[in-house]
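First the structure, in the form of structure tokens, and then the observations on it.
The values are calculated or read from the model by the stated rules, or taken from the named source; none is laboratory data. Quantities reported herein were computed from a predicted structural model and do not represent experimental measurements. Here the Cβ is made from the backbone with ideal geometry for all residues, glycine too, and neighbour counts use every protein chain on show.
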């Protein structure tokens, strides 16, 4: 448990405003601590390791962390870390939840369960683009201007800018999640097209370089994508497909029965002995025994 707890009263006191800005242009390493309020951290530049609970991840310009009163956090290995802390009173967070709960991404944004922090480079990361970061920084500056005066009007306008900031962050978070999901589901169409081509050309020589060229990929990329799609290497897939074709031909009851050497050639094997060896390894018996067993069953 963190020893440092930043209490609500010392930060907000008797001010009318229920949101505060704390710029840290040279944030140093800081031990684990907790707040009695919500905090949105916007990283303007520099880098560090952000620590929350037992999770650590590298942060840099554009990263945003949403920390509620239940989660502790801190910083390690800071290097030119320039950030802005937006402290938000519980009253304001409740109002934001009422106003923005129907905005896509908002519920996930304020959800600070541990699952988010386990994915440092995945869909749970909140990272603004350069344009979004510039816009948020401008709104923060306008909030600072309003917060110089402790009046009800200034507090209201400052909270209006906060609403804009939270809305933009929620939208950015939603877009980031969608992009991450798309990245996790790469286009398999080129690989599937190659698999269809293999099925139509099992009687011809097939090599990985030809398959990769048809998929428009390097051999290394094609091998990785093919294995991810089918759970085996391209060579193993071709061999399995040829043996499956051989089984069909050996069991074909239409027309005359093909000899083993003819089946081997029809399935891309130039050596009938090698074909028999591969067939036995995958099927568990020789091609002749397999054909005979099928013939006996048809009688």
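Quick look at the values:
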{"item": "All helices (runs of 4 or more DSSP H) inside the stretch 194-279 with 1 or more residues being touching a helix residue (DSSP H, G or I) at 6+ places or on another chain (Cβ under 8 Å), assigned by TED's automatic domain parsing to the domain that holds residue 293 and in contact (Cβ under 8 Å) with a residue 40 or more places away in the chain", "result": "219-230, 234-250, 260-266"}
{"item": "The one condition in (1) at pLDDT 90 or above; (2) surrounded by 14 or more Cβ atoms within 10 Å (Cβ to Cβ); (3) farther than 25 Å from residue 249 by Cβ that residue 195 fails to fulfil", "result": "(3)"}
{"item": "Criterion (at pLDDT below 90 and crowded, with 16+ Cβ neighbours inside 10 Å) met by exactly one of 173, 226", "result": "173"}
{"item": "Residue match in the stretch 35-58 (condition: under 15 Å from residue 137 (Cβ atoms) and free of Cβ contacts under 8 Å to residues at least 40 places away in the same chain)", "result": "yes"}
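The rows are residues; the columns are (1) in the same structural domain as residue 144 (by TED's automatic domain parsing); (2) part of a strand (DSSP E or B); (3) in contact with a strand residue (DSSP E or B) (Cβ under 8 Å, 6 or more places away or on another chain); (4) farther than 22 Å from residue 147 by Cβ.
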residue: 32; (1), (2), (3), (4): yes, yes, yes, yes
residue: 48; (1), (2), (3), (4): yes, yes, yes, yes
residue: 56; (1), (2), (3), (4): yes, yes, yes, yes
residue: 74; (1), (2), (3), (4): yes, yes, yes, yes
residue: 83; (1), (2), (3), (4): yes, yes, yes, no
residue: 94; (1), (2), (3), (4): yes, no, no, no
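Here is a yes/no grid of residues against (1) farther than 22 Å from residue 134 by Cα; (2) surrounded by fewer than 21 Cβ atoms within 10 Å (Cβ to Cβ); (3) modelled with pLDDT of 90 or more:
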{"position": "25", "(1), (2), (3)": "no, yes, yes"}
{"position": "36", "(1), (2), (3)": "yes, yes, no"}
{"position": "40", "(1), (2), (3)": "no, no, yes"}
{"position": "44", "(1), (2), (3)": "no, yes, yes"}
{"position": "47", "(1), (2), (3)": "no, yes, yes"}
{"position": "52", "(1), (2), (3)": "yes, yes, no"}
{"position": "62", "(1), (2), (3)": "no, yes, yes"}
